1. So which of 245, 292 is surrounded by 15 or more Cβ atoms within 10 Å (Cβ to Cβ), touching a strand residue (DSSP E or B) at 6+ places or on another chain (Cβ under 9 Å), free of Cβ contacts under 8 Å to residues at least 24 places away in the same chain and outside the structural domain of residue 33 (by TED's automatic domain parsing)?
2. Identify, from the list 142, 147, 175, the residue that is at pLDDT 90 or above and not in a helix (DSSP H, G or I).
3. Does residue 304 meet the test of being at pLDDT below 95 and over 19 Å from the mean Cα position of the chain (by Cα)?
4. Looking at the stretch 208-221, which of the residues that are touching a residue at least 40 places away in the same chain (Cβ under 8 Å) and either surrounded by fewer than 21 Cβ atoms within 10 Å (Cβ to Cβ) or farther than 17 Å from residue 110 by Cα (or both) is nearest to the chain's Cα centre (by Cα)?
5. Can you tell me which residue in the stretch 63-86 is nearest to residue 13 (Cα to Cα), limited to those that are part of a strand (DSSP E or B) and touching a helix residue (DSSP H, G or I) at 6+ places or on another chain (Cβ under 7 Å)?
6. Determine, yes or no, whether residue 162 is in the same structural domain as residue 228 (by TED's automatic domain parsing), under 21 Å from the mean Cα position of the chain (by Cα) and surrounded by 15 or more Cβ atoms within 10 Å (Cβ to Cβ).
7. Have a look at 224, 238 and point out the one that is touching a residue at least 12 places away in the same chain (Cβ under 8 Å) and either closer than 19 Å to residue 176 by Cα or surrounded by fewer than 20 Cβ atoms within 10 Å (Cβ to Cβ) (or both).
8. Is there any pair with a first residue in the stretch 85-108 that is without any contact (Cβ under 8 Å) to a residue 60 or more places away in the chain and assigned by TED's automatic domain parsing to the domain that holds residue 28 and a second that is part of a loop (DSSP other than H, G, I, E, B) and surrounded by 10 or more Cβ atoms within 10 Å (Cβ to Cβ) whose Cβ atoms are under 9 Å apart and which are 6 or more apart or on different chains, and what are they?
């Protein structure tokens, strides 16, 4: 669908202001909270919010509340997004103002990462205990096994392995398995658990969920278990996970449904307070995966969390080919 001349003018007017162009360039890198944009741009919240409203009204960015925070990202698609991509594609990254913004974005990321590293270091030894405070791990693991199905797995990849529980749960049915995590403390605990489980064909690596450096289509089962809510750009992590899924393979994501437990952000480094089915479904379909299925496991506690399990397949060879 093409844009009318008036629509093009409105979009260009929204993007054609220095601060708003800077915001678009930043959101092209990752979704950001309003306060993070204020810090990067060194502008007041009312001013930044005004810029964001104009960009949202023009269809260039999407706004989504998340608990007490509000995040923004580039529009997922449409003619306005295409025009934004064209504008940004003609913008020099080494422009002094944009380069300074990107440096500030790196500083925000580094601060976020440092806080997370400190949290994981403090809590690595009792990670499973912390998780058990919110949901029944036994019920979740039974649902995961059902979602994976009964067939043996040729190659399992676990992104954000944590203490290695998904490897010890699913590893016995995998010919080979690899787990990646950025926390050395977590990896040390995972190595102990994997060794105790006798999983000799399981490898643990220090690795980045956004850039795994694993080959395209190299796994027939990829698992992302309770990781996305910590990330600055969960959509990018889903894209990377989907890239690894080979023909006939499956991606399994476990995380929380939207909730309002703000203390998880304040005390436990959760960046996102859950994900909607529509949001996750769009991300999965964007990777070329299909047959998206959703399982929900509500907490027995009135104020607890609902765990969601999203699975999607790379349609190709028959399901039995995963063996």
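The values are calculated or read from the model by the stated rules, or taken from the named source; none is laboratory data. This is a predicted model, so every value here is computed, not measured. Neighbour counts are summed over all protein chains in view; Cβ atoms, including those assigned to glycine, are modelled from backbone coordinates with ideal geometry.
1. Numbers: 245 fails: free of Cβ contacts under 8 Å to residues at least 24 places away in the same chain.
Result: 292 is the single residue among 245, 292 that is surrounded by 15 or more Cβ atoms within 10 Å (Cβ to Cβ), touching a strand residue (DSSP E or B) at 6+ places or on another chain (Cβ under 9 Å), free of Cβ contacts under 8 Å to residues at least 24 places away in the same chain and outside the structural domain of residue 33 (by TED's automatic domain parsing).
2. Values: 142 fails: not in a helix (DSSP H, G or I); 147 fails: not in a helix (DSSP H, G or I).
So the residue among 142, 147, 175 that is at pLDDT 90 or above and not in a helix (DSSP H, G or I) is 175.
3. On the way: at pLDDT below 95: yes; over 19 Å from the mean Cα position of the chain (by Cα): yes.
Spelling it out, residue 304 is indeed at pLDDT below 95 and over 19 Å from the mean Cα position of the chain (by Cα).
4. As a first pass, look at the stretch 208-221 and keep what is touching a residue at least 40 places away in the same chain (Cβ under 8 Å): 209, 212, 214, 217-221.
After this cut, where a residue has to be either surrounded by fewer than 21 Cβ atoms within 10 Å (Cβ to Cβ) or farther than 17 Å from residue 110 by Cα (or both) as well, the list is 212, 214, 217-221.
Details: 212: 14, 214: 18, 217: 19, 218: 20, 219: 19, 220: 20, 221: 17 Å.
Restricting to residues being touching a residue at least 40 places away in the same chain (Cβ under 8 Å) and either surrounded by fewer than 21 Cβ atoms within 10 Å (Cβ to Cβ) or farther than 17 Å from residue 110 by Cα (or both), the top hit is 212.
5. Just the residues of the stretch 63-86 that are part of a strand (DSSP E or B), to begin with: 63-66, 69-74.
So of that shortlist, the ones also touching a helix residue (DSSP H, G or I) at 6+ places or on another chain (Cβ under 7 Å) come out as 63, 70, 72-74.
Details: 63: 19, 70: 24, 72: 19, 73: 19, 74: 17 Å.
Once the filter is applied, the top-ranked residue is 74.
6. Details: in the same structural domain as residue 228 (by TED's automatic domain parsing): yes; under 21 Å from the mean Cα position of the chain (by Cα): yes; surrounded by 15 or more Cβ atoms within 10 Å (Cβ to Cβ): yes.
So residue 162 passes the test.
7. Numbers: 238 fails: either closer than 19 Å to residue 176 by Cα or surrounded by fewer than 20 Cβ atoms within 10 Å (Cβ to Cβ) (or both).
Matching residue, one of 224, 238: 224.
8. 85/28
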